[in-house]
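Presented below is the structure to which this report refers.
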Amino acid sequence: MTIACDYPSDTLRSRYRGPRPINAAVNHATLGLTPYLSNNNDIIWVCGNHASPGDGASLPTGETAGATSVKDKHMPQTCRT
């Protein structure tokens, strides 16, 4: 697995691959982690395709949600749409 930080968006991406056998459904797939700011400037991380946290939370200026290519059925419930 590799982890990269996109600049200038500061979105974290985790890419699954490696020397050990891995489920073909997630091999070379990407899972995005996107930082949102709450009304009181706390960072709220959103995983995969999950909706934005609401309650006034927003992406910091100039940021975009992380690209995720893992299908919902292969992600934890908290990362799904």
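Among (1) modelled with pLDDT of 80 or more; (2) out of contact with any strand residue (DSSP E or B) (no Cβ under 8 Å at 6 or more places or on another chain), where does D55 come up short?
Failing condition for D55: (1).
Conditions tested, residue by residue: (1) surrounded by fewer than 17 Cβ atoms within 10 Å (Cβ to Cβ); (2) touching a Phe, Trp or Tyr at 6+ places or on another chain (Cβ under 8 Å); (3) modelled with pLDDT under 80.
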site: I3; (1), (2), (3): yes, no, yes
site: R13; (1), (2), (3): no, no, yes
site: H50; (1), (2), (3): no, no, no
site: L59; (1), (2), (3): no, yes, yes
site: T64; (1), (2), (3): yes, no, yes
site: D72; (1), (2), (3): yes, no, no
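Within the range 35-52, take every residue that is in contact (Cβ under 8 Å) with a residue 12 or more places away in the chain and over 13 Å from the mean Cα position of the chain (by Cα) and give me the one that is farthest from D72 (Cα to Cα). Full working, then the answer.
At the first step, the residues of the range 35-52 found to be in contact (Cβ under 8 Å) with a residue 12 or more places away in the chain are 35-39, 44-52.
Keeping just the survivors that are over 13 Å from the mean Cα position of the chain (by Cα) gives 37-39.
Details: L37: 24, S38: 25, N39: 29 Å.
Only one residue tops the list, namely N39.
The values are calculated or read from the model by the stated rules, or taken from the named source; none is laboratory data. These numbers were taken from a predicted model, which means no experiment stands behind them. Don't worry about glycine lacking a Cβ; one is built from the backbone with ideal geometry, like all the others, and counts go over all protein chains shown.
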